[in-house]
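Trainee: Just dropping this structure here.
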Amino acid sequence: MAELLKGASVAKAITERLREESDALKARGVTPVLAMVRIGEREADLAYERAALKRCEQCGVAVRRAVLPAGVSQENLLRAVADLNADPYVHGILLFRPLPEPLDDAAVCAAVSPEKDADGVTNASMAAIYAGTRDGFAPCTAEACIALLKHYSVPLDGARAVVIGRSFVIGKPVSMLLLRENATVSIAHTHTRDLPALCREADVLVVAAGCKGLVGAEHVRPGQAVVDVGIHTNPDGSLCGDVRFDEVEPIVKAITPVPGGVGSLTTAMLCQHVIKAASR
Ligand code: NAD
């Protein structure tokens, strides 16, 4: 039976540390503040907002909410972001994305001040990740994968890592973060030949394909740690990932459950970024 890499215990440990850090900041007269910019009332945004609000409260991060009407113009949205950039009491900005059509997601992300980029959406943050420095903010989900692996002491230095997915939000940044930890990283995608064989070479397999049940018994071997980033809803309303858990779990050494794995950690990463920004 594989060890379950559960996110909740990691999130709890990080939350306790962040609470101490935010208390220390408050003692110096600085309250870390996250501004959340939401457009309209989409259920996915509201769900993430609820989770983020709860985590912020636990971590001692104050929240400012900017709720703009569905149909807000690009100009008004950019003005709202500019106001938050200029506000000295705001340390981090979270945009609920993807932005609804026809808003220009890339242009709005580019407008966020890199110093307040709590969700790692700016090119400056991405450049820092590629440079291997700790100056920028990684996208929260990508960073959550690394935090989870480190918490459970999964060896990364010198490990062979395979990441399935090359998106800007997860696949690419998590690959760079693994490289920073001295793993030897391969990035697999839809054009990769013989994906099962490549995956079996990995010591650490990160699956972020957004493809329900993509990874099964044929992709894994004993001794591996598997991080499943995918989230999908089954017809009965339950959640599952990109990995066929029932097939893979009996074979590998360690695996994240879905739900209860990486997803439980993203809001803790968000708070970590706000506190880091406030400390600067
Ligand atoms: P995306 O669609 O932008 O990227 C998916 C990547 O996977 C692409 O680069 C594609 O080349 C690759 N891919 C797709 N199918 C493949 C296949 N059959 N074989 C090999 N490669 C394949 O998705 P994303 O935004 O990176 O998200 C990935 C998954 O993570 C989604 O299921 C999403 O819901 C989930 N997600 C989870 C969290 C979390 O907190 N756990 C946060 C964000 C996204």
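The values are calculated or read from the model by the stated rules, or taken from the named source; none is laboratory data. Here the structure is a predicted model, which means the values were calculated and not measured. Backbone-built Cβ (ideal geometry, glycine too); neighbour counts: all protein chains shown. Surface areas here come from the heavy atoms of the whole protein model, side chains and all, with no ligands, DNA or RNA. Shrake-Rupley method; radii C 1.70, N 1.55, O 1.52, S 1.80 Å.
Trainee: Can you tell me which residue is nearest to the ligand (Cβ to nearest atom) among those in segment 253-266 that are touching a Lys or Arg at 6+ places or on another chain (Cβ under 9 Å) and open to solvent by less than 10 Å² (accessible area, probe 1.4 Å)?
Mentor: Among those residues, the one meeting the criterion is 261.
Trainee: Please identify the pairs in which a residue from segment 159-176 that is on the phi > 0 side of the Ramachandran plot has its Cβ atom under 9 Å from the Cβ atom of a residue that is open to solvent by 10 Å² or more (accessible area, probe 1.4 Å), counting only partners at least 6 apart or on another chain.
Mentor: Every condition considered, the pairs that remain are 165/172; 165/187; 165/189; 165/208; 165/209; 165/210; 165/211; 165/229.
Trainee: Quick one: in segment 28-80, of everything that is surrounded by fewer than 16 Cβ atoms within 10 Å (Cβ to Cβ) and among the small types (Gly, Ala, Ser), which residue is nearest to residue 279 (Cα to Cα)?
Mentor: 29
Trainee: Output the strands (runs of 3 or more DSSP E) that fall wholly within segment 52-170 and possess 1 or more residues being among the charged types (D, E, K, R) and farther than 30 Å from residue 200 by Cα, or say none. Before you say what the answer is, go through the steps one by one.
Mentor: Details: elements: 62-68, 92-95, 160-164.
Of the strands (runs of 3 or more DSSP E) lying wholly inside segment 52-170, those with at least 1 residues that are among the charged types (D, E, K, R) and farther than 30 Å from residue 200 by Cα span 62-68.
Trainee: In segment 267-277, how many are in contact with a His (Cβ under 7 Å, 6 or more places away or on another chain) and either open to solvent by less than 10 Å² (accessible area, probe 1.4 Å) or of a type in the set (Ser, Thr, Tyr) (or both)?
Mentor: Of segment 267-277, the ones in contact with a His (Cβ under 7 Å, 6 or more places away or on another chain) are 274, 277.
Then keep just the ones that are either open to solvent by less than 10 Å² (accessible area, probe 1.4 Å) or of a type in the set (Ser, Thr, Tyr) (or both); that gives 274.
Matching residues across segment 267-277 total 1.
Trainee: Here's a check for you: in segment 81-101, which residue that is in contact (Cβ under 8 Å) with a residue 24 or more places away in the chain and farther than 26 Å from residue 22 by Cα is surrounded by the fewest Cβ atoms within 10 Å (Cβ to Cβ)?
Mentor: 100
Trainee: Let me ask you something else. Scan segment 1-20 for residues that are part of a helix (DSSP H, G or I) and open to solvent by 70 Å² or more (accessible area, probe 1.4 Å) and jot them down. Before you say what the answer is, go through the steps one by one.
Mentor: Going through segment 1-20, the residues part of a helix (DSSP H, G or I) turn out to be 7-20.
12, 16, 17, 19, 20, listed by residue number.
Trainee: Here is a further query. I'd like the residue in segment 183-213 that is open to solvent by 30 Å² or more (accessible area, probe 1.4 Å) and in contact with a Leu (Cβ under 7 Å, 6 or more places away or on another chain) and, out of all such residues, is farthest from the ligand (Cβ to nearest atom).
Mentor: 185
Trainee: Quick check, is residue 242 open to solvent by less than 70 Å² (accessible area, probe 1.4 Å), within 16 Å of the ligand (Cβ to nearest atom) and either without any contact (Cβ under 8 Å) to a residue 24 or more places away in the chain or out of contact with any Pro (no Cβ under 6 Å at 6 or more places or on another chain) (or both)? Reasoning before the result, please.
Mentor: Values: open to solvent by less than 70 Å² (accessible area, probe 1.4 Å): yes; within 16 Å of the ligand (Cβ to nearest atom): yes; either without any contact (Cβ under 8 Å) to a residue 24 or more places away in the chain or out of contact with any Pro (no Cβ under 6 Å at 6 or more places or on another chain) (or both): yes.
Yes, satisfied.
Trainee: Moving on to the next point. Can you find, within segment 139-149, the residue that is surrounded by the most Cβ atoms within 10 Å (Cβ to Cβ) among those that are more than 16 Å from residue 52 (Cα to Cα) and free of Cβ contacts under 8 Å to residues at least 60 places away in the same chain?
Mentor: If we take residues in segment 139-149 being more than 16 Å from residue 52 (Cα to Cα) and free of Cβ contacts under 8 Å to residues at least 60 places away in the same chain, then 142 is surrounded by the most Cβ atoms within 10 Å (Cβ to Cβ).
Trainee: Also, quick follow-up: Of these, 223, 216, 237, which one is out of contact with any strand residue (DSSP E or B) (no Cβ under 7 Å at 6 or more places or on another chain) and within 15 Å of the ligand (Cβ to nearest atom)?
Mentor: Values: 223 fails: within 15 Å of the ligand (Cβ to nearest atom); 237 fails: within 15 Å of the ligand (Cβ to nearest atom).
Testing whether each residue is out of contact with any strand residue (DSSP E or B) (no Cβ under 7 Å at 6 or more places or on another chain) and within 15 Å of the ligand (Cβ to nearest atom) leaves just 216.
Trainee: Looking only at segment 148-168, filter to residues that are modelled with pLDDT of 95 or more and near the ligand (Cβ under 8 Å from one of its atoms); which one of those is nearest to the chain's Cα centre (by Cα)?
Mentor: Here is the first cut: in segment 148-168, the ones modelled with pLDDT of 95 or more are 148-167.
Applying the additional criterion that residues be near the ligand (Cβ under 8 Å from one of its atoms) yields 164-167.
Details: 164: 15, 165: 14, 166: 14, 167: 12 Å.
Only one residue fits best here, namely 167.
Trainee: OK, next. Which one of these does residue 120 not meet: (1) within 16 Å of the ligand (Cβ to nearest atom); (2) in contact with a Lys or Arg (Cβ under 9 Å, 6 or more places away or on another chain)?
Mentor: The one condition residue 120 does not meet is (2).
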